[in-house]
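This report refers to the structure that appears directly beneath it.
The values are calculated or read from the model by the stated rules, or taken from the named source; none is laboratory data. Remember, it's a predicted structure, so these values are computed and weren't measured experimentally. Positions of Cβ are generated from backbone atoms using ideal geometry, with glycine treated the same way; all protein chains shown enter the neighbour counts.
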Amino acid sequence: MKLIKPRFVSDELKLLRCLHSRMGFPVDDLRRYENLEKGFKGEQLFDKWSEDILIDGLILNDLLFEVNNTVFQIDSTLISQETLFQFEVKNFEGDYCLDGDKWLTQSGSTIRNPLHQLERSEILLKQLLQNNGYNMHIESYLIFINPNFHLYQAPINQSIIFPTQLSRFLDKLNRTPSKLNGKHSKLAETLVSKQTYQSPYKRLPNYDYDQLEKGICCPHCRAFLDETLKCKCGFEEAPSTAILRSIEEFRWLFPDEKLTTNGIYEWCKGKVSRKTIRRMLSTNYNLVGRAKTSHYIVKS
């Protein structure tokens, strides 16, 4: 198995992490942030599990497409000789139950039926393939990766893979006959090239510079580092690394603002000297303008 497109933290989650460290979230935004974090952890568990797929295959993660003005995402795709496997990964935890076609949490709240999402993605993926000259068989699976998940009144549905079935499902995948050629590599290239992009800024809570708490955040627990650049979780960091990380956070959150020594000094709440900040900016960015209008831009 060869990994063609690795998984990264999405731009939206990256931005929400930066904001959550520095401001309070409204209830709906907090719920979305927590769901994204939990979903990403589930996808990481799936990635670890998928390392044991041994067949001649190509894996692509986090594909985002638009077909007929409809945007859809595929968590993971495995290209084998005859079949394209589509995986929708869910990190649900706790007890859920089915009432007809409704999926309910233990508290009785209704959630979106993930099987409908899977079916919709398969239809759109099939159309995308046909539009690009491919007529490959697709198998779609809903993967429940969390061992602490249970679905009461679960249907007998071969598209659903529960935590207790993951080992057997892996054995099934590894028994799939597969020998790839250039046609399969071309398909992978096509899928990567046909991705669309959605700006993450449209889905963020409202924020402005003045309302955000200033300082240097720990990359692990997101608490603020003290004057020695040590965190209560035990993490400590070199000034150069801390500054570069803080500059990147500032650029993500305020892409239209100019990068200046004084601006980053204030953003870091004076935890590192202006001299050190100026040196890091000069080394890693290009200085443009003169005197009061001078600022730094990304190196081309």
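Could you please find all residues in the range 174-199 being in a helix (DSSP H, G or I) and either without any contact (Cβ under 8 Å) to a residue 40 or more places away in the chain or not assigned by TED's automatic domain parsing to the domain that holds ASP62 (or both)? I'd like the intermediate steps shown before the answer.
Residues of the range 174-199 in a helix (DSSP H, G or I): 174, 182-193.
Selection gives GLY182, LYS183, LYS186, GLU189, SER193.
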Q: For ASP171, work out the one condition from (1) modelled with pLDDT under 95; (2) in a helix (DSSP H, G or I) it doesn't fulfil.
A: (1)
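May I ask you to say which residue of ILE79, ILE53 is β-branched (Val, Ile, Thr) and farther than 21 Å from SER193 by Cβ? So that I can check it myself, show each step before the final result.
Details: ILE79 fails: farther than 21 Å from SER193 by Cβ.
Residue meeting the stated conditions: ILE53.
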Q) Given the conditions (1) part of a strand (DSSP E or B); (2) over 12 Å from the mean Cα position of the chain (by Cα); (3) not acidic (Asp, Glu), and given that LEU64 satisfies all but one, which numbered condition is not satisfied? A) (2)
Q. Which one of the conditions (1) aliphatic (A, V, I, L, M); (2) surrounded by 16 or more Cβ atoms within 10 Å (Cβ to Cβ); (3) part of a strand (DSSP E or B) does LEU98 fail to meet, given that it meets all the rest?
A. (2)
Q.
Here is a check on your reading of the model: is ASN132 surrounded by fewer than 11 Cβ atoms within 10 Å (Cβ to Cβ), touching a helix residue (DSSP H, G or I) at 6+ places or on another chain (Cβ under 8 Å) and touching a residue at least 40 places away in the same chain (Cβ under 8 Å)?
A. no
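Being among the aromatic types (Phe, Trp, Tyr), under 16 Å from the mean Cα position of the chain (by Cα) and surrounded by 12 or more Cβ atoms within 10 Å (Cβ to Cβ) is the filter here, so list the residues in the range 188-224 that pass it. Walk me through how you get there before you give the answer.
Within the range 188-224, the first condition is being among the aromatic types (Phe, Trp, Tyr), and the residues that meet it are 197, 201, 207, 209, 224.
Among the residues that remain, those that are also under 16 Å from the mean Cα position of the chain (by Cα) are: 197, 201.
Answer for the range 188-224, where residues must be among the aromatic types (Phe, Trp, Tyr), under 16 Å from the mean Cα position of the chain (by Cα) and surrounded by 12 or more Cβ atoms within 10 Å (Cβ to Cβ): just TYR201.
Would you confirm, using the coordinates I've provided, whether LEU229 is touching a helix residue (DSSP H, G or I) at 6+ places or on another chain (Cβ under 9 Å) and either among the small types (Gly, Ala, Ser) or surrounded by 10 or more Cβ atoms within 10 Å (Cβ to Cβ) (or both)?
Values: touching a helix residue (DSSP H, G or I) at 6+ places or on another chain (Cβ under 9 Å): yes; either among the small types (Gly, Ala, Ser) or surrounded by 10 or more Cβ atoms within 10 Å (Cβ to Cβ) (or both): yes.
Against the criterion (touching a helix residue (DSSP H, G or I) at 6+ places or on another chain (Cβ under 9 Å) and either among the small types (Gly, Ala, Ser) or surrounded by 10 or more Cβ atoms within 10 Å (Cβ to Cβ) (or both)), LEU229 qualifies.
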Q) Restricting attention to the range 148-163, does a residue exist that is in a helix (DSSP H, G or I) and either on the phi < 0 side of the Ramachandran plot or outside the structural domain of GLY57 (by TED's automatic domain parsing) (or both)? A) yes
Q: Test ILE143 against the stated conditions and say whether it is β-branched (Val, Ile, Thr), touching a Phe, Trp or Tyr at 6+ places or on another chain (Cβ under 7 Å) and either assigned to a strand (DSSP E or B) or over 23 Å from ASP52 (Cβ atoms) (or both).
A: yes
